[in-house]
Amino acid sequence: ARVGGGRRMRRGGSRALQVAVALLVGSAFAGQPSGTVQSTRLYTPPDPTATGGIRAKLVLPNQPVEAVFAMPTQDTSKVYKGEVTGGGKEFVFRGLPVGKYDLLVLFADCFWEGFTLTREPDTLTDRDRAAIKETVGRAVPFFDTKEIHRVAGTTGEAGKARCVLQELRTKLILAQSAEELKNTQIRSLKLAWLEDVGATGWQLINSRELVRQEVTGAMPKGVLPHHYNPRLGGIRVTDEVKDLGLLNLERAAEENRLEISGGR
């Protein structure tokens, strides 16, 4: 199998690496593979004193929502997991403190997001983007496949960038029992923060995992297709449940902007 930065190891190779992989899988999942399994430690419990929330009914895409997540734009350490109802066509968040939120909506075969990556004009150059891609590619060698779906930020020394990142392990995976988990991949969806620190260039400063999946059985393998819709970003929550109404994620981005301008 090929691991890390491209080194090869024989199938019965480094025991230390196999143990590390087993421990990582065991820390994120409980029990044997059984579909989508997500670590509950990733998510922030609802605030029992908060009366705000978000609700919506999905029109398109015409498939059930697997899960939905909300991140406060002012506190990216927190991620709230919503309740999916109505046969996967509706979702609701309760117990959200006052603030603005960006959403991620996960389907079986794709995901949609509306994350705010920068409040300044995006001035990243092609060179910046290439360097960021290289930096992300070197980080977290457990994952052998990485896809930056969106990245935005400011160029120059001390420049900052944020990206929507998907990581995948397609190579050997061991359970805590040291048995190989066949037909299994590990997928991670996350936000990553990078900074240009001068002579050493762009460095990964921090990341926040949003979803981790054990991909097995008939679940779609490989990199999940990604979609961006600005209607899922900057949703203002006060002391009531914000109703987004009928949510058509497939509507053109510009139409969404026109519809919600001045309304959130």
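The values are calculated or read from the model by the stated rules, or taken from the named source; none is laboratory data. Because the structure is a prediction, the values reported are computed rather than measured. Cβ atoms come from the backbone with ideal geometry, glycine included; neighbour counts cover every protein chain shown. When the accessible area is computed, the model is the full protein with side chains, heavy atoms only, and any ligands, DNA or RNA have been set aside. Shrake-Rupley method; radii C 1.70, N 1.55, O 1.52, S 1.80 Å.
Given a 1.4 Å probe and the protein chains as shown, Phe115 ends up with an accessible area of around 10 Å². Rounded to the nearest 10 square angstrom, Ser207 shows an accessible area of 50 square angstrom against a 1.4 Å probe. Sorting 119-131, 163-175 by average packing, meaning the other beta carbons within 10 Å per residue, from highest down gives 163-175, 119-131. Which FRET efficiency, nearest 0.05, do Asp243 and Cys110 yield, Cβ-Cβ r, R0 35 Å? Computed FRET efficiency for Asp243 and Cys110: 0.90. Given the pairs Lys78/Lys190; Lys133/Lys190; Lys100/Lys221, which are separated by over 24 angstrom at their Cα positions? Listed pairs above 24 Å: Lys100/Lys221.
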